[in-house]
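Q: My structure is below; once you've seen it, I'll send some questions.
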Amino acid sequence: MSNSPLISYLAGIRSKQPWLVLSAEEAFSLSGSDHPAISHFYSFESKSSEEQTFVIPDGCVDILFDCDENRPSAEVFGTPTEAVNVGLSKGNRYFGVRFVSGVMPDFLNVSAGELINHHYNLLDLVPQANQVFEEIVGSPKFSEQTALFGSFFESQDIRQPSALTSQALSSICESHGTIRIGELERMTGYTSRTLQRQFLADMGMSPKAFSRIIRCQSAVYDINQSDEVAFSDLACELGFSDQAHFQREFKQLVNATPLDYLNRVKHQTYLDKIRCL
């Protein structure tokens with residue numbers, strides 16, 4: 001797939017984990033899903049080097065299967081609120097499921113708040129997933145793994161957020177995280193206190209925290225896909241008070257300054273690593 005269709009495909013995926021892509025020894029495979037709650041599936045073999053792999057805030061729940069022949073495992077990851085080391089095992093093959101930003105699978109026996117900045121063993125939360133776990137880690141083919149998880153998930157539910165939270169989520173995403181709480185008040189007709197309370201109950205975080213995540217993701221996307229990036233313009237478009245504020249925020253959430261990040265994704269050919277199936 002050439003870069004132009006690839007960029008169009010990636011535009012439909014709001015959550016980006018660039019360090020995960022760059023941790024792949026060779027290709028980082030992506031596959032879409034027909035289920036509206038699943039953003040995409042992914043598969044890669046981690047590098048054999050000792051370098052750390054960071055994940056960044058994206059508002060998503062991931063299930064990551066380590067398909068090691070001797071010690072396979074599966075972890076459920078809630079979104080972090082800043083860049084954290086995910087602790088990949090070097091040279092291992094991984095299969096991942098990323099849910100749409102803001103979606104909480106109902107089969108997970110934890111609250112949304114308990115998942116923020118935490119991860120859990122899948123089988124501790126979902127003992128009935130043992131069979132599909134064994135089948136997925138034992139399958140050598142990415143297409144088979146996606147089909148196996150898709151079949152398992154067909155009979156599962158997702159937790160439906162309130163209409164108020166759904167409206168706020170949509171507005172935050174459409175504004176690329178730049179909308180203010182006052183605008184959400186006017187748009188929904190509810191007070192900030194009600195908005196905050198309901199959003200926290202549904203999402204495990206405040207609207208401001210979620211907006212911060214979406215704004216970070218928007219910055220990452222623009223840098224990944226643009227041939228030329230003016231950081232001062234990007235900072236202004238995303239509502240930062242100045243470029244210095246943008247740089248501090250980006251460094252905390254992405255574990256690199258915008259310029260360092262740009263140099264790494266271009267030098268390590270981020271887009272060339274991705275294979276869309």
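Q: Only one of (1) of a type in the set (A, V, I, L, M); (2) more than 30 Å from residue 47 (Cβ to Cβ); (3) touching a residue at least 12 places away in the same chain (Cβ under 8 Å) is not met by residue 253, so which one is it?
A: For residue 253, the failing item is (2).
Q: Do we have any residue at all in the range 91-99 that's farther than 28 Å from residue 163 by Cβ, in contact (Cβ under 8 Å) with a residue 40 or more places away in the chain and not in a strand (DSSP E or B)?
A: Residues of the range 91-99 that are farther than 28 Å from residue 163 by Cβ, as a first pass: 91-96.
Of the ones still in play, those that are also in contact (Cβ under 8 Å) with a residue 40 or more places away in the chain are 91-96.
This time we only want the ones that are not in a strand (DSSP E or B), so: 91-92.
The answer is yes, given that some residue of the range 91-99 is farther than 28 Å from residue 163 by Cβ, in contact (Cβ under 8 Å) with a residue 40 or more places away in the chain and not in a strand (DSSP E or B).
Q: Which one of 46, 39 is hydroxyl-bearing (Ser, Thr, Tyr), modelled with pLDDT of 95 or more and closer than 23 Å to residue 141 by Cα? Working first, answer last.
A: Numbers: 39 fails: modelled with pLDDT of 95 or more.
Of 46, 39, the one residue that is hydroxyl-bearing (Ser, Thr, Tyr), modelled with pLDDT of 95 or more and closer than 23 Å to residue 141 by Cα is 46.
Q: Take the residues of the range 251-261 that are out of contact with any Ser or Thr (no Cβ under 9 Å at 6 or more places or on another chain), part of a helix (DSSP H, G or I) and among the hydrophobic types (A, V, I, L, M, F, W, C): which is surrounded by the most Cβ atoms within 10 Å (Cβ to Cβ)?
A: Initial filter on the range 251-261 (out of contact with any Ser or Thr (no Cβ under 9 Å at 6 or more places or on another chain)): 252, 254-261.
This time we only want the ones that are part of a helix (DSSP H, G or I), so: 252, 254, 258-261.
Filter again for among the hydrophobic types (A, V, I, L, M, F, W, C), leaving 254, 259.
Values: 254: 24, 259: 13.
Selected residue: 254.
Q: Let me ask another. If only one of 186, 248, 193, 215 is surrounded by fewer than 14 Cβ atoms within 10 Å (Cβ to Cβ), basic (Lys, Arg) and under 17 Å from residue 57 (Cβ atoms), which one is it? It would help to see each step written out before you state the result.
A: Working: 186 fails: under 17 Å from residue 57 (Cβ atoms); 193 fails: under 17 Å from residue 57 (Cβ atoms); 215 fails: surrounded by fewer than 14 Cβ atoms within 10 Å (Cβ to Cβ).
After ruling out the rest, the residue left standing is 248.
Q: Continuing with this model, one more query. Output the residues belonging to the range 1-36 that are over 13 Å from the mean Cα position of the chain (by Cα), hydroxyl-bearing (Ser, Thr, Tyr) and modelled with pLDDT under 80.
A: If the condition is that a residue be over 13 Å from the mean Cα position of the chain (by Cα), hydroxyl-bearing (Ser, Thr, Tyr) and modelled with pLDDT under 80, then 2, 4, 8, 9 are the ones that fit.
Q: Could you count how many residues in the range 176-195 are free of Cβ contacts under 8 Å to residues at least 24 places away in the same chain and in contact with a Gly (Cβ under 8 Å, 6 or more places away or on another chain)?
A: As a first pass, look at the range 176-195 and keep what is free of Cβ contacts under 8 Å to residues at least 24 places away in the same chain: 180, 182-187, 189, 191-193.
Those still in the list that are in contact with a Gly (Cβ under 8 Å, 6 or more places away or on another chain) too: 192.
Count: 1.
Q: Here's a follow-up. Quickly run through the range 196-211 and pick out the residues that are touching a residue at least 40 places away in the same chain (Cβ under 8 Å) and buried (at least 19 other Cβ atoms within 10 Å of the Cβ).
A: Of everything in the range 196-211, those that are touching a residue at least 40 places away in the same chain (Cβ under 8 Å) and buried (at least 19 other Cβ atoms within 10 Å of the Cβ) turn out to be 202, 203, 204, 205, 210.
Q: Residues of the range 100-143 being assigned to a helix (DSSP H, G or I) and closer than 23 Å to residue 17 by Cα, which ones?
A: Just the residues of the range 100-143 that are assigned to a helix (DSSP H, G or I), to begin with: 112-115, 122-125, 127-138, 142-143.
112, 113, 114, 115, 122, 136, 137, 142, 143 - these are the residues of the range 100-143 that are assigned to a helix (DSSP H, G or I) and closer than 23 Å to residue 17 by Cα.
The values are calculated or read from the model by the stated rules, or taken from the named source; none is laboratory data. Everything quoted here is computed from the prediction, not taken from an experiment. Counting neighbours? That spans all protein chains shown, and the Cβs are built from the backbone with ideal geometry, glycine included.
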